[in-house]
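Structure, as structure tokens:
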Amino acid sequence: MAPKKKRLTSVALIAIAAFVVSFVLMLIRPIQVTELKYYDQLFEWRGPLDVSDSPIVLVAISQKADEDIPQKFPWPTNLHARLVENLNRAGAKVIAFDVVFNNRDLYDYKNDTTFAEAIKKHGNVILAGDLQRTVSEFSDEISTLFPTPVLRVNNPNRVALVKVHPDIDGAIRSYRFGQEHQGEHYYRLGLEALRLYHGIPYEEIDPIGPNPGSDYFTFGPYEILKDRPNSFLINYYGPESTFPEISYEEVIDDTGYTTVFESELGGVNTFDDPDFGHLAKGTFEDKIVIVGATMPLLKDFYTTPFANEGNNPRPGYQVHANAIQTVLDGNYIERFRGWYTLLIMFFLCLGITSVNRVAGASWGITASVVLAAGYFGITYWAFMSHNVLMMITGPLIAVIITQGGMVSYEYYIEQKEKRRIKGMFASYVSPELVDRMIASGEEPQLGGEETHMTAFFSDVVAFSTFSEQLEAKELVTLINEYLSTMTDILNSRGGTLDKYIGDAIVAFFGSPVPMKDHAYQACVASQLMQKELSELRMKWEKEGWSDLVANMHQRIGMNTGVMVTGNMGSSRRFNYTMMGDNVNLAARCESGAKQYGVYTMVTESTKKEAEEYGNDCLFRLLDNIVVKGRTKPVKVYEIAGLRADAGQEQHDCIGLYEQGLEYYFNQEWDEAIEKFKESQPLERYKRNPSGIFIRRCELMKEESPGDDWNGVFIMKRK
């Protein structure tokens, strides 16, 4: 085959493969959900539409209404009769209830009769119902969830269906026309309200069912653009407050009815007050009034494309309102034909592969970005200017897959080279440094730099006993599980592992990646590690390990300050590590914690910096000491745990202990001993700081340190 012909064949094969993969990806659920979210975002970008001349008013069965009406929901149905009467007094043309009255009145059956009489009298009420499908191994039945017979027989209008049909992500974007049941056609609440509003005979409405010969559903004077055979897309006009919304109690609050607020504090009748009432203002004159629930208890809320404040779902009756307004304005949303989208996808695949073959990968990437951005712009323009909804995910996936396929070989070669370098050096230096070396293209050099960070040391208590009493295999299994768990926590808080020294962990926070809150993250990590070790102890006990293992503890020491970090070692082998006086102090904190009977000890610098970024850790002052190998005193603290886990007893213990410590520094030995004896029973461990200071105070009483004593304790041991 000639080279030119072969090149054209390769371009076609890559384009076809990319098209097929893109098409398959379009069919998976996550991609379809992403497509729907883009649809929602278009509404956000477009913004609300004007509904100032809309005939729709909403009446909310709200939490406020339930608080202002003497009875709790479900209210007696004679209140709904009053609502119907008052709305008709106010000139409402249609009253649609997005509530199914399928149960008799709980207070008095006569209330249902009163409600039914009001419905019959005015003839402009739409009652809600549903058709429920029940599928079992032996049957497939549809049952009715309709209003009670007394309400239904007194209503000249058909029951309207209110059940919504969400998309795969749970959001409501389409509105079904209705459903046929036992020879009767039942329409949705919004359409039934619109039919009554215009006085459209049922004979002028298309029957429910597929009509492949037409893209429109005839509804009297309206030709509703179908999205599916039995539904159309709702053009949402805005967020929750778009349509006027009146709370239920404001409509029934007339001269003949007293609300809770009115009886307790007095006030105007919100419905028929001659100056402020809805009757005088003409709120409901010639309106379609939809009555629905906004009470959280009734759970009639649905996700919709136009997000409300805080992305909260909106009440169901607003879905009906937006559907009605869509039909009133003829403001339909039309989907772009699927076959046209597939054709666009194929030509995008073919075009990008051609550019890559002819001009190279750089121009191919540029072309991909331009084509993707151009197509995105077209979809935006089509929706904003023409209400046409074009698919975004399929074509964009086609662009990405095609460009990815064209550079896959180069990427493979590059990764192969990285793996070769990593294989050469991974045995000598840490994986982090290998990755850095590959990224920079330079070989690592010996040297370091000063870094302000937090050094971290941990060690298993009495590990030599573990080594003596456990078999080698058991010891390896145990220590590997321990180190893996602790290291995972360390890494999750941004720490860098320096090295393992047997059971000891050496790490630091704040390098090589700078962290402002390194002290805080180190302190929190230490307590998470202590909590996780407690979980491991319970696990090991259940697994039948010895008491030694089931009582394993670790000591942790930390210090914050300037340290030297960098590549340390010889020219042939080195490691990214830390060194300096502040590193040594952190190590002394770990070993020194033993002398105070605590398991986490930190310096004052670590405590102060940690508290600048969070208050999650509970600290208590341990002592003012000079550690072995240093001359300058430093205050050290215990991290007694996470503040969220600390109980009152622990807070009481620390409070009493710190009072005793204050007496101790003032050389008031008897008072200090008294406080330490009060705190000692509240300590968590048998050996504890309270007991240690009791013994120290008793020694101080026998041999006073003198008036010039500065409270510093000199540690003789590590």
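The values are calculated or read from the model by the stated rules, or taken from the named source; none is laboratory data. Since the model is a prediction, treat every value here as computed from it, not as a measurement. Here Cβ is always computed from backbone atoms with ideal geometry, including for glycine, and neighbour counts include all displayed protein chains. These accessible areas exclude ligands, DNA and RNA; they are computed on the full protein's heavy atoms, side chains included. Shrake-Rupley method; radii C 1.70, N 1.55, O 1.52, S 1.80 Å.
What shape does the stretch 48-206 take by its C-alpha gyration tensor, where a ≥ b ≥ c are the square roots of the eigenvalues and a/c under 1.5 counts as rounded, a/b above b/c as prolate, and the rest as oblate?
Working: a/c = 1.40, a/b = 1.19, b/c = 1.17.
Because its axes are fairly even, with a/c under 1.5, the stretch 48-206 counts as rounded.
Taking the Cα centre as origin and putting +1 on Lys and Arg beta-carbons and -1 on Asp and Glu beta-carbons, what dipole magnitude results for the stretch 554-668, to the nearest 20 debye?
Numbers: 13 positive and 15 negative charges, 187 e Å.
Approximately 900 debye in magnitude.
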**Complete:** The helix 604-613 Cα axis meets the longest alpha-carbon principal axis of the chain at an angle in degrees, between 0 and 90 and rounded to 10, of 10 degrees
**Helix 669-679 axis, angle to the chain major axis (alpha carbon atoms, nearest 10°)** = 40 degrees
**Request:** Over the stretch 97-172, consider all pairs of different Cα atoms and compute the Kirkwood hydrodynamic radius from their mean reciprocal separation; express it in Å, one decimal.
**Result:** 14.1 Å
**Asked** So which of 539/608; 37/72; 473/628; 516/632; 539/677 end up more than 28 Å apart, counting from Cα to Cα?
**Response** 539/608; 37/72; 473/628; 539/677
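Report the charge-dipole magnitude of the stretch 140-250 in Debye, nearest 20, computed about the Cα centre from +1 at each Lys and Arg Cβ and -1 at each Asp and Glu Cβ.
Values: 9 positive and 17 negative charges, 27 e Å.
I would put it at about 120 debye.
Would you mind telling me the antiparallel percentage of the DSSP bridges in the chain, rounded to 5?
Antiparallel bridges make up about 70 percent of those DSSP assigns within the chain.
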**Message:** Give me the 1.4 Å probe accessible area per residue for the stretch 596-718, excluding ligands and nucleic acids, in Å².
**Reply:** 53 Å²
**Request:** Write down the accessible area per residue of the stretch 251-403 in Å², having rolled a 1.4 Å probe over the full set of protein chains.
**Result:** 47 Å²
**Request:** Counting only C-alpha contacts under 8 Å and six or more residues apart, can you give the relative contact order of the chain as a whole percent?
**Result:** 11 percent
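Run the numbers for residue 452 and residue 615: contour at 0.36 nm per residue of separation, minus the present Cα-Cα distance, in nm.
That pair, residue 452 and residue 615, stretches by 56.6 nm at full extension.
Apply 1/(1 + (r/R0)^6) to the Cβ-Cβ distance of residue 651 and residue 241, taking R0 = 45 Å, and write down the FRET efficiency to the nearest 0.05.
0.45
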**Request:** Could you size up the charge dipole of the chain around its Cα centre, putting +1 on the beta carbon of Lys and Arg and -1 on that of Asp and Glu, and report it in debye to the nearest 20?
**Result:** 3600 debye
**Item:** Cα lying deepest toward the dipole's positive end in the chain, options 641, 577, 385, charges on Cβ
**Value:** 577
**Prompt:** Against the longest alpha carbon principal axis of the chain, how many degrees, from 0 to 90 and to the nearest 10, is the axis of helix 3-26 turned?
**Reply:** 80 degrees
**Item:** For the stretch 544-551, Karplus couplings with θ = phi - 60° (6.51, -1.76, 1.60), whole Hz, Gly/Pro x
**Value:** x, 5, 5, 4, 4, 5, 5, 10
**Item:** Cβ-Cβ FRET estimate between residue 182 and residue 28, R0 fixed at 30 Å, reported to 0.05
**Value:** 0.15
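Quick one: compute the contact order of the stretch 1-157, relative version, from alpha carbon pairs under 8 angstrom and 6+ residues apart, as a percent. Intermediate results must be reported in sequence, preceding the final value.
Working: 128 pairs, mean separation 27.6, N = 157.
The normalised contact order for the stretch 1-157 reaches 18 percent.
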**Asked** For the stretch 544-632, what class follows from the C-alpha gyration tensor (a ≥ b ≥ c being the square roots of its eigenvalues): rounded when a/c is under 1.5, otherwise prolate if a/b is larger than b/c, else oblate?
**Response** oblate
**Complete:** Counting only protein heavy atoms with a 1.4 Å probe and every protein chain in place, the carbon and sulfur fraction of the accessible surface of the chain in whole percent equals 53 percent
**Fill in**
Percent antiparallel among DSSP beta bridges confined to the stretch 578-718, rounded to 5, stands at 75 percent
**Request:** Sort the chain into rounded, prolate or oblate with this rule: let a ≥ b ≥ c be the square roots of the eigenvalues of the Cα gyration tensor; rounded if a/c is under 1.5, and if a/c is not under 1.5, prolate when a/b is larger than b/c, oblate otherwise.
**Result:** oblate
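Over the stretch 443-536, with the other protein chains present, what is the accessible area per residue in square angstrom, probe 1.4 angstrom?
Working: 4380 Å² over 94 residues.
On a per-residue basis, the stretch 443-536 sits at 47 Å².
Suppose we take every Cα in the stretch 152-305 and form the convex hull; what volume per residue is that in Å³? Please list the in-between numbers first.
Values: hull volume 27.0 nm³, N = 154.
Cα-based convex hull of the stretch 152-305, divided per residue, equals 175 Å³.
What FRET efficiency would be calculated for the residue pair residue 104, residue 276, taking the C-beta separation as r and a Förster radius of 41 Å, to the nearest 0.05?
That pair, residue 104 with residue 276, gives E of 0.65.
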**Prompt:** Any idea how far apart residue 671 and residue 703 come out in nm if each label point goes 7 Å out from Cα toward Cβ?
**Reply:** 2.6 nm
**Message:** Full-extension gain between residue 534 and residue 337, please, as 0.36 nm times their residue separation minus the C-alpha to C-alpha distance.
**Reply:** 64.8 nm
